[in-house]
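Coordinate-derived values only; no laboratory data. Note that this is a predicted model, so its numbers are computed, not measured. Backbone-built Cβ (ideal geometry, glycine too); neighbour counts: all protein chains shown.
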Amino acid sequence: MSPRAGSAGSHTLAFVESPVQLLNVLEWAHTHAHSAAAAADAGLTRATAPGAELTLVVLSPNDPMTRGQLRRMAELARDEGHKVRWEEARGGTTAPFHTIGGLAPLLRRARRIVMGDPFSRYVQLLLTITRAQDLVVVDDGTATMEFVAQLARGERLVRWHRRGGRPGPRDVLFAPVSASARRRLTPTEHRTVEVFSSMPIESAPDGVRVTANDFSWTRARFGPPRITKGADLVGTSLVETGVVDPDRYLEAVRSLAAAHGATRYFAHRRESTDKLHRLAAETGLEIVRPDLPLELIARRGPIGRTILSFPSTVVHTLPLALVGTEVRVAVCDIDPAWLTENASPRAQGFLSGVTGTARDVHRLSAVSTA
């Protein structure tokens, strides 16, 4: 390993907008610190202490549940020795100007930028300011697979569930910034790009270094969990993003819970309160709103012997976080009949790919909602 790549934290600025992104920055720092230590032991480079000169910038959203999880994750980051800077980045019309203006000096000094969401307009705008020559993308869930594929094809960066629709006025206005971000995220002779991911990435662009995230920090920090006899069900925000019909989703949850004896439903942080109230009333499931990402919740326990999920990031991450335990992760396919008429034409293929590429999971056929 080169001296340049050996340090996880030296002059590094990380931007996160979700609890999972923050978790994966912690995993990245942990992995690179151990790599640096191993290289130092081999006499290849000088090791840098974990967290040295790593500043985590939280671009806080307005959603209360997400903010609560981010606050908890920020505490864990500080416990690991990292600096955390909380930005009320969406706290009114002038908030973005104050945030970007305040961050500009840090951006110009940073040698490495770590980001959790390359699709974020906020992050894309910040990339136009930095002179950093080392760029790192950590997982923001299954969107990472789409980001790498779009980068390899030279396409504009668009979230998978929005593809197929016409660009809106804001998309057109922001297009030059997005195009600039895509160029910045393309490796050159003088710029390195790393993708730190637990997702299956089959075709990374030339020059992009892919580092596997095996959740070693999570496993070292928490658990092993106490395992209960029953099953737990993991919620998804596919209804909220307009991909899946709410009635079909509710019936699928009811059928899945009945078939496998699930008693708890771990809500996704973006699931609406009204939908969760309806789920509780019509399925009898105990609705749990986790205060941390599910990988940490499951690792702390107690957790069911079987975890049921629809296609989502957790079908890739939970088997890694729970390796060595007896917990089984089972994923239920999305029936094409559940999709809304407004769903992206790519939705079914993308969701099938999420399920089909998951390792160490038990695959369930779509349950009937007729």
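Worth a mention:
- Per the Debye formula on identical point scatterers at the alpha carbon atoms of segment 222-364, with no solvent, log10 I(q)/I(0) at q = 0.11, 0.15, 0.20 Å⁻¹ is -0.37, -0.71, -1.28.
- Viscosity 1.306 mPa s, temperature 10 °C, Stokes-Einstein D of the chain from Kirkwood C-alpha radius, µm²/s: 74
- Mean Cα-pair separation over length for the chain, i.e. relative contact order, pairs under 8 Å, 6 or more apart, %: 15
- When the Gaussian network model of the chain links Cα atoms closer than 10 Å, the mean-square fluctuations of Phe97, Phe196, Phe119 top out at Phe97.
- For segment 217-370, with +1 on Lys and Arg beta carbons and -1 on Asp and Glu, the positive-most of Leu320, Val244, Pro293 along the dipole: Leu320
- Rounded to 10°, Cα long-axis angle of helix 169-184 versus longest principal axis of the chain: 60
- Note on segment 250-370: with charges restricted to the Cβ of Lys and Arg (+1) and Asp and Glu (-1), its dipole about the Cα centre is near 280 debye.
- Relative to the Cα centre, the charge distribution of the chain, modelled as +1 at Lys and Arg Cβ and -1 at Asp and Glu Cβ, gives a dipole magnitude of about 780 debye.
- Bridge orientation summary for the chain: considering DSSP beta bridges with both residues in this region, about 5 percent are antiparallel.
- In degrees, nearest ten, helix 19-41 long axis to first principal axis of the chain (Cα): 50
- Summed over qualifying helices (DSSP H, 4 residues or more, each -39500 (n - 2.57)) and divided by its residue number, the chain shows a 222 nm mean residue ellipticity of -12500 deg cm²/dmol.
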